[in-house]
Amino acid sequence: MTQKHQFLKKYFGYDQFREGQEILIDSILAGKDTFGIMPTGAGKSICYQLPGIMMEGITLVITPLISLMKDQVASLKEAGIRGAYFNSSLTQGQYFKALEYAKRGTYKIVYVAPERLMNREFLDFARSVKIEMITVDEAHCVSQWGQDFRPSYLKILDFVEQLEHRPIISAFTATATRQVREDVAQILELKEPTILTTGFDRKNLFFSVQKPGNKYSVLKNYVDTHPGKSGIVYCLTRKLVEEVCQRLEEEGIAATRYHAGLSDEERRTNQDDFIYDIKPIMVATNAFGMGIDKSNVNFVIHYNMPKNIESYYQEAGRAGRDGENADCILLYGGKDVVTNQFFIEKDSENEELEPEEREKIRERDRMRLKKMTFYCHTNECLRNYILNYFGERSPGYCGNCINCLTQFEERDITSVARHILGCVDNCGQRYGLTVILDAVHGGDTEKIRRYRLDEDDYYGTESDKSIHFLRQAADYLLLNDYLTQTDDRYSVLRLGPKAGPVLARKEQVTMKAAKEREPGAVKAEKASKRDYEIENPGLFEALRALRTKIARIQSVPPYVVFTDKTLREMCARVPKTREEMLDISGVGEAKFKKYGKEFLRVIEENS
Ligand code: ADP
Ligand code: ZN
């Protein structure tokens with residue numbers, strides 16, 4: 001076992017790295033600047049925390065998410081790692097005291113808000129110790145193109161220049177657009193960085209769109225059929241938050257609310273009630289969520305359609321961070337479009353911009369809203385739609401969204417396949433996808449004429465199909481070795497190993513595809529019916545109760561002690577000894593030392 005695997009097990013209790021983590025960690029350990037783009041919940045923290053504790057000096061983590069810092073440091077402490085944070089939530093006294101400790105090298109990992117960086121005392125500390133790495137979390141905040149631009153992030157470089165030695169810089173974000181990515185690398189002056197983007201797919205999320213006449217009754221029904229589950233209900237307006245939350249409360253459901261109209265204190269209380277599972281359902285506007293790191297959110301229901309796919313995926317992505325299956329349901333109503341349009345037109349956020357620039361931004365927002373609206377109406381795989389939106393290729397069928405479950409059928413595409421493959425073959429495997437599809441579709445383009453494809457046997461053989469369907473079929477052929485594509489920039493199509501038998505009319509080809517929509521057909525509104533069985537529910541409840549007790553005593557959220565997933569694994573494997581317990585994912589040595597005996601005792605009593 002390598003040292004980093006040992007550390008992963010010892011401090012975090014995990015046996016394996018997740019996708020991308022190891023590459024990023026290795027890069028940092030090799031002393032290189034590193035830039036990781038991974039979706040929410042993919043496990044970015046470990047990518048800098050683990051090398052942070054393996055390296056000699058201090059790791060400084062810059063993050064704008066003040067509420068998250070406290071939890072992160074609490075989590076580190078649970079894992080037996082010394083950390084601290086510096087932000088505006090500390091009193092003067094606490095601030096100086098912590099700085100004093102930090103100077104003496106008490107902490108291995110230090111979180112800081114960007115506004116604090118150029119603060120004299122903080123600089124003093126930073127210059128008197130060895131800072132080995134600076135980690136810029138939420139790195140998209142440096143880009144004006146991102147949604148959360150923060151001017152204070154531009155100071156990071158000034159700060160780095162104040163240090164005697166330039167530390168390694170690692171940056172992390174979940175926001176993917178190319179422009180933002182380029183900005184981050186450029187503005188932070190990353191030096192030949194290792195850049196890694198992991199797929200944006202979150203396989204454990206189930207996506208669904210429903211168009212109910214009565215949204216409230218759908219919500220209520222969902223909550224009733226998923227007792228004990230924790231979730232967020234997003235509404236577009238404060239007024240609606242109040243209404244929905246009140247109705248739930250009146251019906252005896254432990255719900256709370258969050259929006260910008262509440263006092264700071266009430267927001268904090270409500271947020272804690274949610275995080276500590278006292279009130280497992282949060283009804284909120286989009287003001288809620290930045291920096292909420294609750295890992296056991298089982299569902300995110302959008303009571304209204306949000307303004308764009310970026311917001312939707314970010315908000316829905318707060319479900320299932322623990323890797324457990326979770327539901328993301330959007331309750332669409334025609335009014336949502338109007339409300340969002342209203343927000344776009346009256347938006348006053350960009351007042352300092354020139355009128356033309358403001359109009360440009362509005363135009364962009366209208367486009368985004370349109371694509372969000374398409375999402376609510378598409379018959380295609382919802383996951384595929386989202387991933388394509390972010391520029392990622394994916395199979396057209398995921399099997400874990402409402403459309404795949406209700407709108408798809410097995411379709412025989414043998415003749416389409418034969419025509420596409422035949423056309424590729426006929427023209428000597430020289431052309432790319434677009435040209436070939438245009439040819440079988442019977443298009444009249446400059447290239448078709450120039451290459452004389454209109455004289456080909458297969459020209460127009462599929463003219464009755466939509467080009468969209470042909471593209472899907474071609475994607476399927478590419479993903480399943482009927483076709484291949486050259487890697488050069490021409491991306492020429494070639495016949496794949498499975499093409500022969502199809503061309504020889506010896507084999508059929510079928511694929512899952514969206515049913516052709518009949519005019520006026522209404523989407524079946526089947527609620528997701530997947531509940532996750534827990535082995536031994538009695539034991540699970542007992543473990544949860546113990547976790548709640550410990551969390552209260554330590555004043556940390558329950559999932560900081562152990563996640564649901566870890567408890568579930570305990571139920572399934574019923575560990576009896578120290579070794580068996582340490583083998584459970586999420587149980588590291590520090591945590592075992594603190595709680596292992598108590599958990600073993602409860603397991604023994606309840607099994
Ligand atoms: P992100 O910052 O990317 O949104 P986090 O760092 O908060 O994600 O990690 C999400 C969850 O995944 C956390 O509960 C974390 O402990 C868990 N996790 C991270 N890495 C692993 C791993 N290698 N194996 C199992 N769980 C992991
Ligand atoms: Zn799907």
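For the range 248-275, which residues satisfy the criterion of being assigned to a helix (DSSP H, G or I) and free of Cβ contacts under 8 Å to residues at least 12 places away in the same chain? Walk me through it before giving the result.
Within the range 248-275, the subset assigned to a helix (DSSP H, G or I) is 248-250, 264-275.
Passing the criteria: GLU249, GLU250, ASP264, GLU265, GLU266, ARG267, ARG268, THR269, ASP272.
Has the range 384-406 got any residue that is touching a Leu at 6+ places or on another chain (Cβ under 9 Å), of a type in the set (A, V, I, L, M), surrounded by 17 or more Cβ atoms within 10 Å (Cβ to Cβ) and within 24 Å of ASP464 (Cβ to Cβ)?
Within the range 384-406 (the criterion being touching a Leu at 6+ places or on another chain (Cβ under 9 Å), of a type in the set (A, V, I, L, M), surrounded by 17 or more Cβ atoms within 10 Å (Cβ to Cβ) and within 24 Å of ASP464 (Cβ to Cβ)), the answer is no, since none of the residues qualifies.
Can you spot a residue in the range 240-247 that is assigned to a loop (DSSP other than H, G, I, E, B) and open to solvent by 30 Å² or more (accessible area, probe 1.4 Å)? First the steps, then the outcome.
Just the residues of the range 240-247 that are assigned to a loop (DSSP other than H, G, I, E, B), to begin with: none.
No.
Pairs under 9 Å by beta carbon, first residue in the same structural domain as ILE550 (by TED's automatic domain parsing) in the range 593-604, partner of a type in the set (Val, Ile, Thr) and open to solvent by less than 30 Å² (accessible area, probe 1.4 Å), six or more apart or different chains?
Qualifying pairs under 9 Å: LYS594/ILE550; LYS594/VAL561; TYR595/ILE550; TYR595/VAL561; TYR595/VAL587; GLY596/VAL587; GLU598/ILE550; PHE599/VAL587.
Determine whether ARG430 is open to solvent by 40 Å² or more (accessible area, probe 1.4 Å), more than 16 Å from ligand 2 (Cβ to nearest atom) and within 30 Å of the chain's Cα centre (by Cα).
Details: open to solvent by 40 Å² or more (accessible area, probe 1.4 Å): yes; more than 16 Å from ligand 2 (Cβ to nearest atom): yes; within 30 Å of the chain's Cα centre (by Cα): no.
When the stated conditions are applied, ARG430 does not pass them.
Looking at (1) more than 16 Å from ligand 1 (Cβ to nearest atom); (2) crowded, with 16+ Cβ neighbours inside 10 Å; (3) more than 30 Å from ASN403 (Cα to Cα), can you tell me which one TYR222 breaks?
(3)
Which one of GLY252, GLY231 is buried (at least 20 other Cβ atoms within 10 Å of the Cβ) and within 25 Å of ARG547 (Cβ to Cβ)?
On the way: GLY252 fails: buried (at least 20 other Cβ atoms within 10 Å of the Cβ).
Going through GLY252, GLY231 in turn, just one is buried (at least 20 other Cβ atoms within 10 Å of the Cβ) and within 25 Å of ARG547 (Cβ to Cβ): GLY231.
Return a yes/no flag: does the range 407-418 have any residue that is within 16 Å of ligand 2 (Cβ to nearest atom) and under 25 Å from SER311 (Cβ atoms). Step through it out loud before you land on a result.
As a first pass, look at the range 407-418 and keep what is within 16 Å of ligand 2 (Cβ to nearest atom): 407-411.
So of that shortlist, the ones also under 25 Å from SER311 (Cβ atoms) come out as 407.
Checking the range 407-418: at least one residue is within 16 Å of ligand 2 (Cβ to nearest atom) and under 25 Å from SER311 (Cβ atoms).
If I ask for residues that are charged (D, E, K, R) and free of Cβ contacts under 8 Å to residues at least 60 places away in the same chain, which ones from the range 102-151 would you list?
Scanning the range 102-151 gives LYS103, ARG104, LYS108, GLU115, ARG116, ARG120, GLU121, ASP124, ARG127.
Among the residues in the range 309-321, are any touching a Ser or Thr at 6+ places or on another chain (Cβ under 8 Å), assigned to a helix (DSSP H, G or I) and more than 16 Å from ligand 2 (Cβ to nearest atom)?
Filtering the range 309-321 for residues touching a Ser or Thr at 6+ places or on another chain (Cβ under 8 Å) gives 310, 314, 317-318, 321.
Imposing the further condition that a residue be assigned to a helix (DSSP H, G or I) reduces the set to 310, 314.
Restricting the remaining residues to those that are more than 16 Å from ligand 2 (Cβ to nearest atom) gives 310, 314.
Yes, the range 309-321 has at least one match.
Applying the selection to the range 525-549, what residues are in contact with a helix residue (DSSP H, G or I) (Cβ under 6 Å, 6 or more places away or on another chain), at pLDDT below 80 and open to solvent by less than 50 Å² (accessible area, probe 1.4 Å)?
ILE534
Name the residues in the range 352-399 that are hydrophobic (A, V, I, L, M, F, W, C), within 12 Å of ligand 2 (Cβ to nearest atom) and within 19 Å of THR175 (Cβ to Cβ), would you? Step through it out loud before you land on a result.
Initial filter on the range 352-399 (hydrophobic (A, V, I, L, M, F, W, C)): 353, 361, 367, 369, 372, 374, 376, 381-382, 386-387, 390, 398.
If we keep only those that are within 12 Å of ligand 2 (Cβ to nearest atom) too, we end up with 381-382, 386-387, 398.
Scanning the range 352-399 gives ILE386, LEU387.
Of (1) open to solvent by 40 Å² or more (accessible area, probe 1.4 Å); (2) out of contact with any Cys (no Cβ under 8 Å at 6 or more places or on another chain), GLN271 satisfies all except one. Which?
Result: GLN271 fails condition (1) only.
Scan the range 344-363 and tell me whether some residue there is assigned to a helix (DSSP H, G or I), open to solvent by 20 Å² or more (accessible area, probe 1.4 Å), more than 16 Å from ligand 1 (Cβ to nearest atom) and in contact (Cβ under 8 Å) with a residue 60 or more places away in the chain.
No, that holds for no residue.
How many residues are assigned to a helix (DSSP H, G or I) and surrounded by 19 or more Cβ atoms within 10 Å (Cβ to Cβ) if we restrict to the range 186-217? Spell out the reasoning first.
First, pick out the residues of the range 186-217 that are assigned to a helix (DSSP H, G or I): 186-187, 215-217.
Those still in the list that are surrounded by 19 or more Cβ atoms within 10 Å (Cβ to Cβ) too: 215.
So the answer is 1.
Considering only the range 406-520, give the strands (runs of 3 or more DSSP E) lying wholly within it that have at least 1 residues that are among the hydroxyl-bearing types (Ser, Thr, Tyr).
Numbers: elements: 408-412, 483-485, 493-495, 510-514.
Output list reads 483-485, 510-514.
When only residues in the range 46-69 that are within 14 Å of ligand 1 (Cβ to nearest atom) and in contact with a Ser or Thr (Cβ under 8 Å, 6 or more places away or on another chain) count, which is nearest to THR269 (Cα to Cα)? Can you show your working first?
Just the residues of the range 46-69 that are within 14 Å of ligand 1 (Cβ to nearest atom), to begin with: 46-52, 61, 63-65, 67-69.
Within this subset, residues satisfying the condition of being in contact with a Ser or Thr (Cβ under 8 Å, 6 or more places away or on another chain) are 47-49, 51-52, 61, 64, 69.
On the way: CYS47: 31, TYR48: 31, GLN49: 29, PRO51: 35, GLY52: 33, VAL61: 27, PRO64: 21, MET69: 17 Å.
Among residues in the range 46-69 that are within 14 Å of ligand 1 (Cβ to nearest atom) and in contact with a Ser or Thr (Cβ under 8 Å, 6 or more places away or on another chain), the one nearest to THR269 (Cα to Cα) is MET69.
The values are calculated or read from the model by the stated rules, or taken from the named source; none is laboratory data. Model, not experiment: these values are computed from the prediction. Cβ coordinates were reconstructed from backbone atoms using ideal geometry, including for glycine residues, and neighbour counts include every protein chain displayed. Surface accessibility is based on the protein's heavy atoms, side chains included, excluding ligands, DNA and RNA. Shrake-Rupley method; radii C 1.70, N 1.55, O 1.52, S 1.80 Å.
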